[in-house]
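A short worksheet on the structure shown next.
Please treat every number below as a calculation from the coordinates, not as lab data. Because the structure is a prediction, the values reported are computed rather than measured. Glycine also receives a Cβ, built like all others from the backbone with ideal geometry; neighbour counts cover every protein chain displayed.
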Amino acid sequence: MRKWLLFLAGPLIWVIHFIAIYVIASIAALAHQTHDLWPRMAIGIVTAAALIAFIAALSLMRGDHERLEVFKRNVAMGGVVLGFVAVIWQTLPALAL
Amino acid sequence: MKSETGFDHDLYKRFPTKGPRPESEFDELQRIWCKPKGLEYLTVVNNNYVGLYYVGGAFLFFLLAGVLALIMRTQLALPLNGFLDQETYNQIFTMHGTVMMFLFAVPAVEALGILLLPQMLAARDMPFPRLSAYAFWAYFLGGLAFFCSIFVGLAPNGGWFMYPPLTSMTYSPGINADFWLLGIGFIEISAIAGAIEIIVGVLRTRAPGMSLDKLPIFAWSMLVFAVMIVIAFPSIILATLLLELERALNWPFFDGLRGGDPLLWQHLFWFFGHPDVYIIFLPAAGMMSMIIPAITRTPLVGHNFVVLAILATGFISFGVWVHHMFTTGLPPLSTAFFSAAGMAVSVPAGLQVFAWIATLAAGKIRWSVPAYFAIGSIVIFVMGGLTGVMLALVPFDWVAHDTYFVVAHLHYVLIGGMVFPLIAAFYFWAPMMSKRRLSERLGRWAFWLMFIGMHVTFLVMHWTGLMGMPRRVYTYPDSDWTLPNQISTVGAFLIGLGVLLIVIDLVRNFRFSATDTVGNIYDAGTLEWLPTGLYSSRSIPVVKSRYPLWDDPNLSRDVEEGRYFLPNSATGERETIVTSPWNAEPQYLQRMPGPSWFHLGAAVFTAGFFLLLTVQLYWLSAASGLLAIGCILRWAWANDLPIVHTAVDIGAGIKVATYAHGPRSHGWWAMSVLLVVAGMIFLMLMFSYVFLWSRQPELWPDARPLAILFTSLALSAASLASALIAPRLYARAPWAAALLALLSAALLTSAWFVDALDWRAGGLDPELHAHGALVAAFLSWQGFFVVVAALMGLYAIARWKAGLLARERPATIESISLFQAYAAGQALVALTITRAFVLGV
């Protein structure tokens, strides 16, 4: 299980971040406070946490030079980079609204 | 390489073996994996046959839905045309979308998975051959009956997305909508059965040495496809259940006047519907990633990036469901995320396109029909992808929503992203299973007709939409819309002509054979091109690279001479090697079932249950359901039987066990995936509960007595404990484990009754308000698990009485325990959720 979690760390962090900001936005909408400061602050904190998690995941991705290990590391690192960009991409417009 | 399971990788050096192999072992292999005769064609389970039936069935539905499209285009060729009346047009466009999406697209790619994966992974067959056959027959028989509803004017007419309130009893009082809601029930079951098969097949039945870095891209895409089905389909299963319950029992989940909300349907539907586009696209993209290297004789450029793209698409596509709901008035904060995700998902899709283009540029294209369709697919898909990014922009979506622009976009994506790759795949892999190759001349004619027809039909449709013509109207006034509609109709018939040529080609030239085939005419490098029979390849090779046939010119000969794993039948039965998920190290030999009538009966009666329910023949439907359960139990009875050989030689003196249990076993994996499906349905039900509560929290009722909650919780917890203890007790006393399974079911049943009776005592009325309807839905869902858990408990006792529970074979009790533990856990969560919200938490 640990191997799979590390292999899919990038997209998984993206999913957790996405669910978190969706929930925050929904709660804000429920309270009619979408234009208040607190939803944006909450989204900002969650996003910062996600970005730290990406960096932490990246630091765990070590391994030897066996072909399978290299493949796993390359795909996992690519996932982290893609997830990192995706998180920033989808959060910035919301914070700017 | 570090071992994953303790298997010594130096053992691979024993292959290919030297010296002659006994002739008798090949004869025995042929006898065990023999060709069916007469009625055996119905009961056959071999993936060559089931896969071909499946592909044939899906293609038949493609043709039928295509004919419906031509009828629609005929109606729209002229303004104020009277070729079709409004009601018939509504039924036809609904059936066109429904059949294309549910009866063609998803089954077609699943079918190709079942047909190709065993050969591509060098497994003897899929891990659950009867499940594949069950999935096919339930889908095919149910699908045919469903389609026939159009001939009697009973076809659904609310669009393929069936939005309430249009599809509620008030506005759709007939049984047309029920045909859709119940009719696709068996298709969902079939898709999930296939997904379980594919996940376990790809992860556990690969050829030794085929570690994940060497896994063919098609297998990667099928793996992600299957996982996406497991995550996405539960949402549509729940949505259809809730809407059918609303229609049949007047439980107001989507009725805004009684605490429901039609938007709930849209959330549930599109949580399935948008990923479904990628569910269809990914396997087709996987096919492209196999075909393009072969036609250019060049390894796929950026293999690792393509794997990453497939995985990323699988994830990000689930963040795009609100993409279809921008006009529903959601807060801008939420729509911004979904808009961004809608654009972001094009990045991994684009990554794959760049990899294909780079591969085409790196190699030399050998022009053939698969090459034409593959390259045509890239052109069309990119155009569709670009308009997809346009639609992800909220302001543009507000303008183009519900116009023909969207129709043009989705056809570009689906035809470019799925239909063209599928036809490329037909032409590419047909030589693997046919005595004659398909015609190059007819194929090229078909390509140009379809390619030109596609653009003539749908390119102009972008402008039709931007000129303001809405979707789903059966006619229009004589106006600027007339000319583009006429052009689209001409284009549609060109596509139809192209498809007709493919049908003629298939009829003239496709002649199925497992042994006497045209073979590897495209000089591809992957294992499905090894010489094969109904047993797949004669022996199972050790895989050392991504393109083993290119890297080892002697591989085909050595495999055919039986110089690798399993050159014979080690147990005298059908069997395949189960390998570890990462490194594909041999773990044990799985004994596989042969043909049977029971899975066929189960499929017929499953389809019968849903269809008879639709036409309101309730008693016959119940009888059909009971017969389906009976067939499934009888089918299961033949599993986990006594073992004759505990360990066998699978080649070169390497011995493995013939039985496994727990997390090592394929059965445990299948049950786990099934429970993920159940868990997802439950999760979506919880989402529905919270969503509807958030609409009108002040109207939800007062608390129920806490004492009852604690009693139910205690009973459920005791049920969970019994389920968890049962397998631990099994090695010492199988009979005690069987009794514990029954006890777990009894405790769970008691918990359910205590909970249900308390709600009843509190005057819960599911018809009065959405809260009552949701609680009743929770009770119904949990009630289903209570019944299955009870059946399992009785089944365990029956196996004990029949002397089939042996200490060395705990797989049956482990599966029962897993299910019962899940059911008890679900009860604990359901109790807490339904009562916590009533308490006002």
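Label region B:1-54 by shape, choosing from rounded, prolate and oblate, from the square roots a ≥ b ≥ c of the eigenvalues of the Cα gyration tensor; if a/c is under 1.5 it is rounded, and otherwise prolate applies when a/b is larger than b/c, oblate when it is not. Because a/c hits 1.5 or more and a/b fails to exceed b/c, region B:1-54 counts as oblate. In the protein assembly as shown, taking the dipole from charged Cβ atoms about the Cα centre, the farthest positive-side position among B:A741, B:Q696, B:W481 is held by B:A741.
Toward the positive end of the charge dipole of chain B, with +1 on the Cβ of Lys and Arg and -1 on the Cβ of Asp and Glu, the farthest Cα among B:I816, B:T74, B:V369 is that of B:V369. Taking the fewest neighbouring Cβ atoms within 10 Å as the starting point, the ordered list for B:E188, B:E197, B:E23, B:E110 is B:E23, B:E188, B:E197, B:E110. Averaging the Cα positions of each part gives two centres, and for region B:51-98 and region B:461-511 these lie 11 Å apart. Take every pair of alpha-carbon atoms less than 8 Å apart whose residues are at least six positions apart; their mean separation over the length of region B:730-814 yields a relative contact order of 54 percent. Only DSSP H runs of four or more residues enter the estimate; each adds -39500 (n - 2.57), and after division by the residues of chain B the mean residue ellipticity at 222 nm equals -21500 deg cm²/dmol. Tell me whether region A:1-46 comes out rounded, prolate or oblate; compute the Cα gyration tensor, take square roots of the eigenvalues as a ≥ b ≥ c, and use a/c under 1.5 as the rounded threshold. Prolate, since a/c reaches 1.5 and a/b exceeds b/c. Restricting to DSSP loop positions (anything but H, G, I, E, B) with no more than 15 other Cβ atoms inside 10 Å of their own Cβ, which chymotrypsin sites (Phe, Trp or Tyr not before Pro) remain in region B:532-628? Loop-located and lightly packed - B:W597. Once backbone amide H atoms are built at 1.01 Å from N, B:S434 has B:S513, B:V518, B:G519 as its partners under 5 Å, excluding neighbours fewer than 5 places away on the same chain.
Tell me what chain A gives for mean residue ellipticity at 222 nm when only DSSP H runs of n ≥ 4 count, each as -39,500 (n - 2.57), the sum divided by the residue total, rounded to 500 deg cm²/dmol. Intermediate values should be presented prior to the final figure.
Working: 4 runs with 82 residues, N = 97.
Dividing the helical sum by the residues of chain A leaves -29000 deg cm²/dmol.
Cβ crowding within 10 Å ranks B:H645, B:H409 as B:H645, B:H409, fewest other Cβ atoms first. Calculated FRET efficiency, B:W597 to A:L95, Cβ-Cβ distance, R0 = 45 Å: about 0.15 to the nearest 0.05.
Relative to one another, the C-alpha centroids of region B:161-207 and region B:127-152 are positioned 12 Å apart. Taking all Cα pairs closer than 8 Å and separated by 6 or more residues, the relative contact order of chain A comes to 46 percent. Screening chain B for whole DSSP H helices with an alpha carbon extent of at least 30 angstrom along the helix axis and a mean Kyte-Doolittle hydropathy of at least -1.0 yields B:47-76, B:217-249, B:262-296, B:369-392, B:440-466, B:482-509, B:666-695, B:706-730, B:734-761, B:770-801, B:811-838.
Using the Cβ-Cβ distance between A:D64 and B:I504 with R0 set to 45 Å, the FRET efficiency works out to roughly 0.20.
The calculated FRET efficiency for the pair B:K35 and B:E440, based on their C-beta separation and a Förster distance of 41 Å, comes to about 0.85.
In a reduced charge model with +1 at each Lys and Arg Cβ and -1 at each Asp and Glu Cβ, chain B shows a dipole moment near 1820 debye about its Cα centre. Pairs from the table (B:K544/B:K655; A:K3/B:K2; B:K35/B:K435; A:K3/B:K544) lying more than 19 angstrom apart at Cα are B:K544/B:K655; A:K3/B:K544.
Around the Cα centre of the protein assembly as shown, unit charges on the Cβ atoms of Lys, Arg, Asp and Glu (plus for the first two, minus for the last two) sum to a dipole of about 1960 debye. Put simply, the C-alpha atoms of region B:23-165 give a gyration tensor, and the ellipsoid matching it has half-axes of 40, 13, 13 Å, longest first. GNM on chain A, alpha-carbon springs under 10 angstrom: the most fluctuating residue among A:R62, A:R40, A:R73 is A:R62.
When Rg and the Kirkwood radius Rh are both evaluated on Cα atoms of the protein assembly as shown, their ratio Rg/Rh stands at 0.95.
Both the radius of gyration and Dmax for region B:726-795 are 15.9, 53 Å, in that order, over alpha-carbon atoms.
With q set to 0.12, 0.20, 0.24 Å⁻¹, the log10 of I(q)/I(0) for region A:2-95, from the Debye formula over equal scatterers at the Cα positions, is -0.43, -0.87, -1.11. The overall shape of region B:417-458 is oblate: from the C-alpha gyration tensor, with semi-axes ordered a ≥ b ≥ c, the ratio a/c is 1.5 or greater and a/b is no larger than b/c.
When every Cα-Cα distance of region B:48-509 is counted in 20 angstrom steps from zero, the calculated P(r) takes the values 25, 61, 14, 0 percent. In terms of other Cβ atoms within 10 Å, B:I813, A:I52 run from fewest to most in the order A:I52, B:I813.
With K and R counted +1 and D and E -1, the other residues having a Cβ less than 15 Å from that of A:A31 yield a net charge of 0. Here region B:679-840 is treated with +1 on each Lys and Arg Cβ and -1 on each Asp and Glu Cβ, and its dipole about the Cα centre works out to around 700 debye.
May I have the pair-distance distribution P(r) for chain B, computed from all Cα-Cα distances with 20 Å bins from 0 and rounded to whole percent? P(r) over chain B, rounded to whole percents: 15, 47, 33, 5, 0. Taking amide H positions as modeled 1.01 Å from N, with prolines and chain starts lacking one, the residues under 5 Å from B:F565 and 5 or more places away or on another chain are B:I540, B:V542. For region B:107-230, taking Cα atoms only, Rg and Dmax work out to 18.2, 60 Å respectively.
Specify the inter-centroid distance of region B:368-440 and region B:777-804, based on alpha-carbon positions, in whole Å. Comparing the Cα centres of region B:368-440 and region B:777-804, I get a distance of 46 Å. Dividing the mean sequence gap of close Cα pairs (under 8 Å, 6+ apart) by how many residues chain B holds gives a relative contact order of 17 percent.
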